[in-house]
Amino acid sequence: QEMHSWTQDEASAFLRLTADHEWAGPFALSLSGLRRGEVLGLRWSDVELDSAQPHVVVRRSRVQLGHDGGGVSEGEPKSARSRRVVPLGPFAVDALRATQRFQADGRRDLGEAYMDDGFVCADASGRPPRPETYSNVFHRVAATAGLRRVRLHDLRHTHATLLLKAGVHVKVVSERLGHANAAFTMNVYQHVLP
């Protein structure tokens, strides 16, 4: 399937719009190159926001089995290279802190009824959303902002495209994305590279 990516202005507009959304952090992670399953499998124990280099550690993935209505499986990421440390930009750190505040409010408001499994992406009751729900909410939020329609997976492409256009070395981009090697990344993003 042909990939599309947002421009820097479109990505920035999306981040501004979602800054006050309960999933601000997960959306910022999608724009940081993580796959949907990686975002949905991430737990707060995998997130380091207070170090000199804030980052997340991709250890697991939550994926949908089959089409809409299928089961959800939690397990290893897509490949061995997918298990990785991903440095976070300031926009992602701010968004993740906003999500922490939303979840703290939910814990306070619901008390023992709050289902705290430690997921970074959770609904108001603390439960992780189904993968298709995450995608559907993304599309609704982007449409509300009047942004050009792209697939959720295209946020990953947006991340890679913007890095490459900014002159970040393809090996660094490949490692951030969890690709098998830089040659694969070069092949996928050859339209961006000079």
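A few notes on this one:
- Here the condition is being modelled with pLDDT of 95 or more, in contact with a Lys or Arg (Cβ under 8 Å, 6 or more places away or on another chain), of a type in the set (Ser, Thr, Tyr) and closer than 20 Å to PHE138 by Cβ; of SER30, SER61, it holds for SER30 alone.
- Residues located in the stretch 138-170, provided they are assigned to a helix (DSSP H, G or I), charged (D, E, K, R) and either more than 17 Å from LEU88 (Cα to Cα) or touching a Pro at 6+ places or on another chain (Cβ under 9 Å) (or both): ARG140, ASP154, LYS165
- Close pairs (7 angstrom Cβ cut-off, 6 or more residues apart or separate chains): more than 12 Å from GLU10 (Cα to Cα) and at pLDDT below 95 in the stretch 140-152, of a type in the set (Lys, Arg) and surrounded by 14 or more Cβ atoms within 10 Å (Cβ to Cβ) anywhere: LEU152/ARG36
- Conditions (1) of a type outside the set (Lys, Arg); (2) crowded, with 16+ Cβ neighbours inside 10 Å; (3) farther than 21 Å from PRO87 by Cβ: number failed by SER125: (2)
- One residue stands out in the stretch 109-134 among those that are at pLDDT 95 or above and not in a loop (DSSP other than H, G, I, E, B): the one that is farthest from the chain's Cα centre (by Cα), namely PHE119.
- Screening the candidates ALA13, ALA52 for the property of being aliphatic (A, V, I, L, M), open to solvent by 10 Å² or more (accessible area, probe 1.4 Å) and part of a loop (DSSP other than H, G, I, E, B) yields one hit, ALA52.
- Residue match in the stretch 62-85 (condition: more than 20 Å from ALA122 (Cβ to Cβ) and of a type in the set (Val, Ile, Thr)): yes
- Unique match (being β-branched (Val, Ile, Thr) and either open to solvent by 50 Å² or more (accessible area, probe 1.4 Å) or part of a loop (DSSP other than H, G, I, E, B) (or both)) among VAL63, VAL93, VAL86: VAL63
The values are calculated or read from the model by the stated rules, or taken from the named source; none is laboratory data. Given the structure is predicted, the values throughout are model-derived calculations rather than measurements. Positions of Cβ are backbone-derived with ideal geometry, glycine not excepted, and every protein chain shown enters the neighbour counts. We work out accessible area using only protein heavy atoms, side chains counted, and drop any ligands, DNA or RNA first. Shrake-Rupley method; radii C 1.70, N 1.55, O 1.52, S 1.80 Å.
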